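Participant: Before we start, here is the structure in question, set down as structure tokens.
The values are calculated or read from the model by the stated rules, or taken from the named source; none is laboratory data. Not measured: the values here are computed from a predicted model. Positions of Cβ are generated from backbone atoms using ideal geometry, with glycine treated the same way; all protein chains shown enter the neighbour counts. Calculation scope for accessible area: heavy atoms of the full protein, side chains included, ligands and nucleic acids excluded. Shrake-Rupley method; radii C 1.70, N 1.55, O 1.52, S 1.80 Å.
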Amino acid sequence: SGNVFISEPVHNLVHREITSSDGVRVVSRRAADEQRSEFLASSDNFFRPTTIKTGPDGALWIADMYRYVIEHPEWIPDEMQQQLDLRAGSDKGRIYRVYPHGVAPRPMPKLAMLDAAGLAAELESPNGWVRDKAQQLLIERGGSDAVPALENLVRSAARPTARLHAICTLDGLGAVSESALVAALADTPPGVRRHAVRIAETHV
């Protein structure tokens, strides 16, 4: 949270920026202890971090494509292509799980095993992956079982992200009530209000 991780596969590294608000702008800076280094870097020329995601355990999952050549051959002169093994490393690859030293990753929730109320409760997770998947499963399953819990979250969830997911899940289920919409329109964080306005367009 509050960090942006940027994959630089050509340069064999992952760069990190710390973000903060400056009025309506978002600004970023290097971490204090990374002024002359990177968040993650390798001397292995095959190290190609191509995708970075938050995993269901809260760790940062980094997919390393692991290739000698990462550029598309279209941008390599023909004579150079004859000298390179453009597929070197294609039978390899890694996934790194990065998390703070001394802190174990959280257990991965078995979301498919939860009922509607259990999935709605997972919208309060601090983990975006967990919230997204819980919302996806609620909408895919359909029905009205989760509606009371979702309406309660819209009004009283501690996390703004939970209130946002709750109103959007109600919308995905076609079950947004006027009272839930009014509550979301009056919420403090602008992100919640913005989506409430979007949802309200089909109700006004």
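Participant: If you take the beta carbon distance between residue 179 and residue 117 as r and set R0 to 30 Å, what does 1/(1 + (r/R0)^6) give as a FRET efficiency, to the nearest 0.05?
Facilitator: Calculated transfer efficiency: 0.90.
Participant: Let me ask something else about it. So if I take the alpha carbon set of segment 93-204, get Rg, then get Rh from the Kirkwood formula, what is the Rg over Rh ratio?
Facilitator: Radius of gyration relative to Kirkwood radius: 1.04.
Participant: Around residue 162, with a cut-off of 9 angstrom between Cβ atoms, what is the net charge of the other residues, counting Lys and Arg +1 and Asp and Glu -1?
Facilitator: After counting each charged neighbour, the total is +2.
Participant: Looking at 77, 5, 156, which one has the Cα that reaches farthest to the positive end of the dipole of the chain (charges on Cβ: Lys, Arg +1; Asp, Glu -1)?
Facilitator: 156
Participant: A follow-up question, please. Once you charge only the Cβ atoms, +1 for Lys and Arg and -1 for Asp and Glu, what is the size of the charge dipole of segment 66-125 about its Cα centre, to the nearest 20 debye?
Facilitator: 440
Participant: Please get the size of the charge dipole for segment 1-91, origin at its Cα centre, with Cβ charges of +1 on Lys and Arg and -1 on Asp and Glu, quoted in debye to the nearest 20. List each step's numbers first, then the result.
Facilitator: Values: 9 positive and 15 negative charges, 90 e Å.
Roughly 440 debye for segment 1-91.
Participant: To the nearest 500 deg cm²/dmol, what mean residue ellipticity at 222 nm is calculated for the chain from DSSP H runs of n ≥ 4 alone, each contributing -39,500 (n - 2.57), summed and divided by the residues?
Facilitator: -9500 deg cm²/dmol
Participant: Once you sort the root eigenvalues of the Cα gyration tensor of segment 1-105 as a ≥ b ≥ c, which label holds: rounded (a/c under 1.5), prolate (a/b larger than b/c) or oblate (the other case)?
Facilitator: prolate
Participant: Okay, moving on. Pairs of Cα atoms under 8 Å, at least six residues apart: use those to get the relative contact order of segment 102-204, whole percent.
Facilitator: Normalised by residue count, the contact order of segment 102-204 is 21 percent.
Participant: Hey, another quick one. What is the P(r) of the chain, as percent of Cα-Cα pairs per 5 Å bin from 0?
Facilitator: Going out from 0 Å in 5 Å bins, the chain shows 1, 7, 12, 13, 13, 12, 12, 11, 8, 6, 4, 2, 1, 0 percent.
Participant: Treating the angle as unsigned and between 0 and 90°, give the value, to the nearest 10°, between the Cα long axis of helix 128-141 and the longest Cα principal axis of the chain.
Facilitator: The angle comes out at about 60 degrees.
Participant: Which percent of the accessible heavy-atom area of the chain goes to carbon and sulfur, probe 1.4 angstrom?
Facilitator: Here it works out to 53 percent.
Participant: Quick one: net charge around residue 7, please, counting Lys, Arg +1 and Asp, Glu -1 for every other residue with C-beta under 13 Å from its C-beta.
Facilitator: Summing Lys and Arg as +1 and Asp and Glu as -1 gives -1.
Participant: Calculate, in nm to one decimal, what residue 36 and residue 20 gain on full extension: separation in residues at 0.36 nm each, minus their alpha carbon distance.
Facilitator: Contour length minus Cα-Cα distance gives 3.7 nm.
Participant: To continue, here is another question. Between segment 159-204 and segment 4-29, what's the alpha-carbon centroid distance in Å?
Facilitator: 29
Participant: Could you give the length gained on full extension between residue 155 and residue 202, defined as 0.36 nm per residue of separation minus the Cα-Cα distance, in nm?
Facilitator: 14.9 nm
Participant: Which FRET efficiency value, to the nearest 0.05, is calculated for residue 140 and residue 1 with the Förster distance at 22 angstrom and r the Cβ-Cβ distance?
Facilitator: Values: r = 27 Å, r/R0 = 1.24.
The calculated FRET efficiency here is 0.20.
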